[in-house]
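A short worksheet on the structure shown next.
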Amino acid sequence: MNAPAFQYGAVSSPIVTPFDADGGVDTHALANHVETLVDAGLDGVVPCGTTGEFASLTDEERRTVIETVVEAADGRIPVIAGAADTSVSGVLARLRFAAEAGADAGLITLPYFHTSTDPDGQRAFFERVADDSPLPIYLYDIPATVGESIDPGVVADLAGHDSVVGLKDTSGDLTGIDAALRRTPDSYTVYQGVDAQLYPTASLGVDGGINALSQVIPEAYVALGEALRAGDDDRALALHREAIAPLFARCAEHGFAPAAKVAAGHRGFIPDPRVRPPLTLPDAAGREAIADDVDAALEVV
């Protein structure tokens, strides 16, 4: 299988799931948000990821979100659909629906709650999914929520599978992402999932990022990609230090689904930042601080 085509320095957005006043998925706001990000020049969108609160959505709502995003993207940028679940059959069911909806690829984690007792367990889980996947798949390494990192040997082994085309690394471990880059072929795509590490890992050879705050200050991420491709390190470093890293640090205090929603709401990208329990929104002071950091970031661009 072939992965969607991206260029060096590309950034895709793991988009939030807006909710309406009744608490349901606001499909109109979601479609408008996708349109905003397409117009801003981002390279892809990722519905039903961590920032999209996928774990708080019903199966029907997940379907609605992916269908809405695919329709809104309208083939202009790739859609990588989150398909995480705790069982092989559950992941495959989500991948099949994403394929039917028109998504270009799927993004899968290790099972959460149960962790593996041996790297062979991780390998077997991913292999069984990959063997029957209707879509190209990206592995998603996010130990903070899954409970363990993907073993580097498993990443290397799975890179040879026809269906496994890349990795989103949100481990925060620079040694680990360097190992993934060294032990996988050039055709294998490695994305940085930690916004504040996108620029630092560019020198290691990451292909780009899947970054939550790209839906808040897309101008900064587009400019960073342009600077990286042009070899303008001074410009890239300034965007990293003065725009992306400070906002990332602020949002990390509050969690990225709530913080991204507050920040996107401040930009007028979504009408309502409400989240579902157990997530909570920042207090008034926190919201003001996030808004101030968004404005400061935009001044750098």
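Read-outs: derived from the displayed coordinates by stated rules, not from any lab. These numbers were taken from a predicted model, which means no experiment stands behind them. Cβ atoms come from the backbone with ideal geometry, glycine included; neighbour counts cover every protein chain shown.
For this structure, a couple of remarks:
- Cα gyration tensor category, rounded, prolate or oblate, for region 198-301 with a/c compared to 1.5: prolate
- Neighbour cut-off at most 12 other Cβ (10 Å), DSSP loop, chymotrypsin sites (Phe, Trp or Tyr not before Pro), region 103-179: PHE113
- Only Lys, Arg, Asp and Glu carry charge here, each on its Cβ (+1 for the first two, -1 for the last two); on that basis the chain has a dipole of about 160 debye about its Cα centre.
- Other residues within the sphere of radius under 14 Å centred on the Cβ of GLY102, judged by their own Cβ, net out at -2 (K and R +1, D and E -1).
- Extension gain for HIS28-GLU299 works out to 94.6 nm (0.36 nm per residue, less the C-alpha to C-alpha distance).
- Shape call, region 108-237: gyration tensor on alpha carbons, a/c limit 1.5: prolate
- Charge context of VAL79, other residues only, Cβ under 14 angstrom, K/R +1, D/E -1: -3
- Linear extension gain, ARG182 paired with ARG229, 0.36 nm per residue minus alpha-carbon span: 14.8 nm
- If only the Cβ of Lys and Arg carry +1 and only the Cβ of Asp and Glu carry -1, the dipole of region 52-161 around its Cα centre is close to 100 debye.
- Calculated [222 nm] ellipticity per residue, helices only, for the chain: -14000 deg cm²/dmol; basis is -39500 (n - 2.57) per DSSP H run with n ≥ 4, divided by all residues, nearest 500.
- Reducing region 107-160 and region 262-301 to their Cα centroids gives an inter-centroid distance of 33 Å.
- Comparing HIS254, HIS240, HIS33 in a Gaussian network model of the chain (Cα springs below 10 Å), the most mobile by mean-square fluctuation is HIS254.
- Karplus-based coupling profile of region 166-179, in residue order and whole Hz: x, 9, 9, 9, 10, 6, x, 9, 5, 5, x, 6, 5, 4, with θ = phi - 60° in 6.51 cos²θ - 1.76 cosθ + 1.60 and x standing for Gly or Pro.
- Per-residue ³J(HN,Hα) for region 65-70, Karplus 6.51 cos²θ - 1.76 cosθ + 1.60, θ = phi - 60°, Hz, x for Gly and Pro: 4, 5, 4, 5, 5, 4
- Prolate/oblate/rounded label for region 18-112 (Cα gyration tensor, a/c 1.5): oblate
- Just checking the listed ones, GLY268, GLY172, GLY205: in the Gaussian network model of the chain with Cα springs under 10 Å, the one fluctuating most is GLY268.
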